[in-house]
Amino acid sequence: MKVICYSSFTFSYLNRARVLFQTVRRFHPDWELVALITDRPPEGFDFDPAAEPFDRVVWASDLNIPDFDSWIFKHDVVEVCTAVKGPFIHQACGWGADSVIYLDPDTALFASLEPLERWLEDHDILLTPHLIDPNDDPTAIADNDISASRTGIFNLGFVAVRTTGEGARFAKWWNDRLLSYCYDDIPNGLFVDQRWCDHVPALFDKVKVLRDPGYNVASWNLSKRTVAVEKDGRITVNGAVLRFWHFTKLGPLGDVMTRRYAGENFPVYEIWRWYKDQVAAVTDPAIPGRYWAYDSFEDGVPIARSQRLLYRHRTDLQAAFPKPFASGVGSYQQWLEAEGL
């Protein structure tokens, strides 16, 4: 089976993406690995794709998204890095591969994903839910069950499709939804790309929900997953082989949630320590922390979220300022200043 595996990120997450692709390459040297980047290299950083652990780079600006500058301005960095996943997976279905797999940049493989290839022989869409066992502790219910009800039943740090049949139909549908409705707007029923996939089992056939505990292990499901290291060195989760871990919220928040639910399950802390060491080893100091090329106007003034939201909701402003990142006379930035916004 010919597989395309991609991840979507900016340069501030290049270190995490390097770890991801290194681990994928270890277990799947035959997969085509693609970095989907919605960014531009920071000044002073020499980006050489040939030296990276992926096969090619696809720039979001090359996805043929109509009115790209106007479109991207409506999104913050998380919204846009999830939004471009739809156009990519839809277009990649026409690249001659049998399947396309998405993995978040802050994931890492610990064993082969060969079972996915076998499942994709009989199913067209694979999804992993945040939870596969119900919580009974009130704190865990609030942190995990209720949270998943707000943000989406399935975690879209992973999705896999066949490039034909229902997989291709899903990819086109997801493309259309994410181009127009990929926003962090929980009060209006949206949480970037995830909430849309709550509909997938109802809208599509040949969908498999992976209930194997070794897939997409993360802080939100540790309350019901016990990690162990076997005598032969294999890492297991509730007795199943650990396939990949989702290291969400690398930093203080991730540490807090991990400690809360790992408790005395000490292998969890060893895995996290390994991951932090791996990320540190491939972090380039030339990339500023939290860098994103599209977070400011052309003159370097940061763009406030309120300014993006105003532009998103006002079609008259979109028509008047098709190049909203511009600075100077006649720009959206000048209009905001004149309006005191």
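Taking Lys and Arg as +1 and Asp and Glu as -1, the other residues whose beta-carbon sits under 10 Å from that of M257 total +1. Residues in region 281-294 carry Karplus couplings, in order, of 5, 10, 7, 9, x, 6, 9, x, x, 6, 5, 7, 5, 9 Hz; the curve used is 6.51 cos²θ - 1.76 cosθ + 1.60 with θ = phi - 60°, and Gly or Pro positions show x.
Taking region 211-232 and a reference point 7 angstrom along Cα→Cβ of S147, the backbone N atoms nearer than 13 Å belong to 218-224. Under 5 Å between amide hydrogens, built in the peptide plane, is the criterion, and for T226 it picks out N238 among residues at least 5 positions away or on other chains. Note on D176/D205: beta-carbon distance plugged into 1/(1 + (r/R0)^6) with R0 of 25 Å gives a FRET efficiency of 0.85.
Comparing Cα centroids, region 88-124 and region 129-162 end up 21 angstrom apart.
Structural descriptor for the chain: relative contact order 21 percent, calculated from alpha carbon pairs under 8 angstrom and at least 6 residues apart. Magnitude of the charge dipole for the chain, about its Cα centre and with charges confined to Cβ atoms of Lys, Arg (+1) and Asp, Glu (-1), is about 460 debye. When mean projected area of the Cα convex hull in nm² is calculated for this entry, the matching label among [x] 36.8; [y] 18.3; [z] 23.7 is [y]. With a cut-off of 15 Å, note down the residues of region 114-137 whose backbone N falls inside the zone around a label point 7 Å from the Cα of E264 toward its beta carbon. Once the point is set 7 Å along Cα→Cβ of E264, nothing inside region 114-137 turns out to lie under 15 Å by backbone N. Between the Cα long axis of helix 165-181 and the first principal axis of the chain there is an angle of about 40°, rounded to the nearest 10. Straight-distance candidates among the lysines for linking to K249, with alpha-carbon spacing under 19 Å and chain neighbours fewer than 8 residues away dropped: K276.
Net charge of the neighbourhood of V279, taken over other residues with C-beta under 12 Å away and scored Lys/Arg +1, Asp/Glu -1, is +1. Taking 37 °C and 0.692 mPa s as conditions, region 82-144 diffuses translationally at an estimated 221 µm²/s according to Stokes-Einstein applied to its Kirkwood radius (Cα pairs).
A full extension of the chain between S306 and A51 corresponds to an added length of 87.9 nm, given 0.36 nm per residue minus the alpha carbon distance. What value does region 118-240 have for Rg/Rh, both radii from Cα atoms and Rh as Kirkwood defines it? So for region 118-240, dividing Rg by the Kirkwood Rh gives 1.01.
For region 111-119, the Karplus equation 6.51 cos²θ - 1.76 cosθ + 1.60, evaluated at θ = phi - 60°, returns couplings of 7, 5, 9, 4, x, 4, 4, 5, 5 Hz by residue, with Gly and Pro reported as x. Please report the net charge: other residues with Cβ closer than 14 Å to the Cβ of Q333, K and R +1, D and E -1. Local net charge: -4.
For K74, a cut-off of 22 angstrom between C-alpha atoms picks up these lysines, skipping any fewer than 8 places away in its own chain: K85, K172, K323.
Throughout, read-outs are computed from the coordinates displayed, never taken from laboratory work. The structure presented is a predicted model; accordingly, all values stated were derived computationally and were not measured. Because the Cβ atoms are built from the backbone with ideal geometry, glycine has one as well, and the counts that use them run over all protein chains shown.
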